[in-house]
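Below: one structure, written as structure tokens.
No value in this document is a laboratory result; all are computed from the given coordinates. Here the structure is a predicted model, which means the values were calculated and not measured. Don't worry about glycine lacking a Cβ; one is built from the backbone with ideal geometry, like all the others, and counts go over all protein chains shown.
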Amino acid sequence: MTAPVKEVGAPAPGRPMLAGPRWRPGESLFRWLLLACLSVGIVFLIALLAYVVGEAWPRLDSRLWNNFPSIRRPENAGAQSAIFGTIWVISFTALFCLPTGIMAAIYLEEYADQERWYNRLIELNIQNLAAVPSIIYGILGLGLLARQLALGTTVLTAALTLSLLVLPVVIIASREAIRAVPQSIRHASLALGATQWQTVWRQVLPAAVPGMATGSILALSRAIGEAAPVIMLGAVTFVMFNPEGLDSSYTVLPVQIYNWISQSRTEFHHLAAAAILLLLVILLVMNAAAIWLRNRYARRW
Amino acid sequence: MSDPTSRPDAHLPAQQRTDMSAPGAPSEAPGGIKSPQVSFRSAPSLEAPVFEVGSLSVYYGSHEAVRDVNLTVGHRQITALIGPSGCGKSTVLRCFNRMNDLIPTARVVGKIRYHDEDLYGREVDPIEVRRRIGMVFQKPNPFPKSIYDNIAYGPRVGGFKGNLDDLVEETLTHAALWDEVKDKLKSSALALSGGQQQRLCIARTIAVKPEVVLMDEPCSALDPIATAKIEDLMEKLAEEFTIVIVTHNMQQAARVSHRTAFFTADVDDKGERHGRLVEYDETERIFSNPSDRRTEDYISGRFG
């Protein structure tokens, strides 16, 4: 039996026994392939941002948020009504969907008997609902909320519809966060004579808050950029006033952007680009808040 | 008994260990009711037992995890459950405070009486059970809160109305942890060492003033020094509480317990393990003169 060291890739004389090839083509190729895939996303994002900033540059000033839209004079037009409309709609969306989604998640994780077929059916359907196109929710909101329940095309209808849209995502994110709380914490609490509700309220929820907050903010970021369902719900594209209540007419930034883009005069295109930047800034702020929350309240066990 | 230097002589013959029996245990009737051997002196009595287990079997789904267990747990004694892995000793322990209820497929057959009351009776509320019968787990599992809040949690959820500050100090003193943590009550319990965390968990359990403390391998995640501290604490607590401890560590069982139950696992032709109780007796007897061959093999290290 010969020593195996000699047989494996017998090194050239004069080189150390443990020397390997200086260059492994497969390794480098794979590495460059990965980098190329990554750069596709990055390059396009940078190109897009550069284009939008360039387009928006002439209109990036306080007129954007101080003025209301105008069809005749683009140099005076602004997006104040859309900014306020977005804030109104998204605030009420959060108000409606967060408590509902979190409580539904608590039921599924802490109370539901996973062996029962109906609980499994509900679970499966929530996964499916998260994949339904948003325009379908728009149709649902129009038919059921605006017409059937006669809520009209108001802030309330939009907020309720967007709540339904992001509810499955909130439920799924909250369930993940609740599931990440170690079982030993629940057992410790129950072994001390706490009821199930006390255990959930005092131990599980506080520990799950960071995860639930991050997931929920990301879900709301999705809702804030939605144009399709709110167009369906009659978000008016030309609104000269800010919403004053749940029964107000409204417009939101994505709809306003859509409207300006379809105008023929180039001044409106600059305006649209500026509004896009504004929307991106709002989204970035929300994502930053999610990351901050996660780091601030992240727990170690 | 509280002198730790007396503990390493647990393997000595019974005559030299008699001073290790529980100071708090009633001293009448050597041998007790259930114990057939009366030759040992000062054996803890089993009068007014805390738990009486009869023909207990526990199933997980259709799998019988442990079958036909009969034993009696004496008042203010330390009862050790020992045996190889998968012999069902933790399963039996979890029956005592109905933690097995949390496993949806678990089913308990047979009799467990707690002070003459059926622990699995129709009207029994598991919450009430767990307030009287506390549990300490294998891995220290303090809540991700302050030391103070960890101790105060049980009393708070139980609707405690008195002075919490006093209760926390009293409990931590009792658990011999006060001097180590009194200056950092408001800091996170997770910053403590593993041994301190486990003693905090014991303190947290006795803060609700239970009668029984169940311990499921409380030292298996700890180093020998932390283990020694917990054993000291257990001996001290036995003056006031009834303790049932599951342990893999036979020396530990010999050192701290008054009575020992030895479990083993039978493997059937499908490869499934069925735990059973082989022998239950005074610890001296189990370790010096067991009546079952399997017990002798196990404690002398010949298997398991």
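Descriptive notes on the structure:
- With respect to chain A, whose longest principal axis is taken over its alpha-carbon atoms, helix A:117-129 is tilted by about 70°.
- Spin-label model, A:L18/B:L102: points 7 Å from Cα along the beta carbon direction are separated by 4.9 nm.
- Which listed pairs, of B:K139/B:K209; B:K139/B:K161; B:K139/B:K186; B:K111/B:K236; B:K139/B:K236; B:K111/B:K139, have C-alpha distances above 27 Å, in listed order: B:K139/B:K161; B:K111/B:K236; B:K111/B:K139
- Legend: ranking of residues B:V109, B:V50 from fewest to most surrounding C-beta atoms inside 10 Å; resulting order B:V109, B:V50.
- Rg to Rh, two decimals, where the range A:14-57 supplies the alpha carbon set and Rh follows Kirkwood: 1.45
- Distance from the range A:132-157 to the range B:148-180 (C-alpha centre basis), Å: 54
- Pairwise Cα distances in the range A:193-248 exceed 15 Å for 70 percent of all pairs.
- Largest to smallest principal axis extent of the C-alpha atoms in the protein assembly as shown, angstrom: 109, 83, 54
- Whether the range A:46-98 is rounded, prolate or oblate, judged on the alpha carbon gyration tensor where a/c under 1.5 counts as rounded: oblate
- Amide N of the range A:34-70 lying under 13 Å from the label point, which is placed 7 angstrom from the Cα of A:I291 along Cα→Cβ: none
- If you wrap the range B:224-298 in the convex hull of its Cα atoms and look at it from every side, the mean projected area works out to 6.1 nm².
- D_trans [Stokes-Einstein, Kirkwood Rh over alpha-carbon pairs] for the range A:220-290, 25 °C, 0.890 mPa s, µm² s⁻¹: 187
- Between A:Y111 and A:Q263, residue separation times 0.36 nm minus the direct Cα-Cα distance comes to 49.4 nm.
- The range A:170-191 and the range A:37-114 have Cα centres lying 31 Å from one another.
- Equivalent ellipsoid dimensions for the range A:83-252 as semi-axes, Å, which come from the Cα gyration tensor, largest first: 35, 17, 12
- Diagonalising the gyration tensor over the Cα atoms of chain A and scaling each eigenvalue by 5 before taking the square root yields semi-axes of 45, 35, 17 Å, largest first.
- Alpha-carbon Rg with Dmax, taken over the range A:257-301, Å: 17.3, 59
- In the range A:71-110 the Cα-Cα distances spread across 5 Å bins starting at 0 as 6, 19, 13, 13, 11, 10, 8, 7, 5, 4, 3, 1 percent of all pairs.
- Ranking A:V255, B:A226, B:G121 by how far each Cα lies toward the positive end of the dipole of the protein assembly as shown (charges on Cβ) leaves A:V255 at the top.
- Principal-axis analysis of the Cα atoms of chain A puts helix A:205-224 at an angle of about 60° to the longest axis.
- Cα Rg over Rh - the range B:162-304, Kirkwood: 1.06
- Short-range pairs are left out: with C-alpha atoms under 8 Å and at least six residues apart, the relative contact order of the range B:59-133 is 32 percent.
- Cβ-derived FRET efficiency at R0 51 Å, A:E123 paired with B:A48, nearest 0.05: 0.55
- Label zone at B:D116, where the point sits 7 Å out along the Cα-to-Cβ direction: the range B:50-85 residues whose backbone N lies under 14 Å: B:50-52
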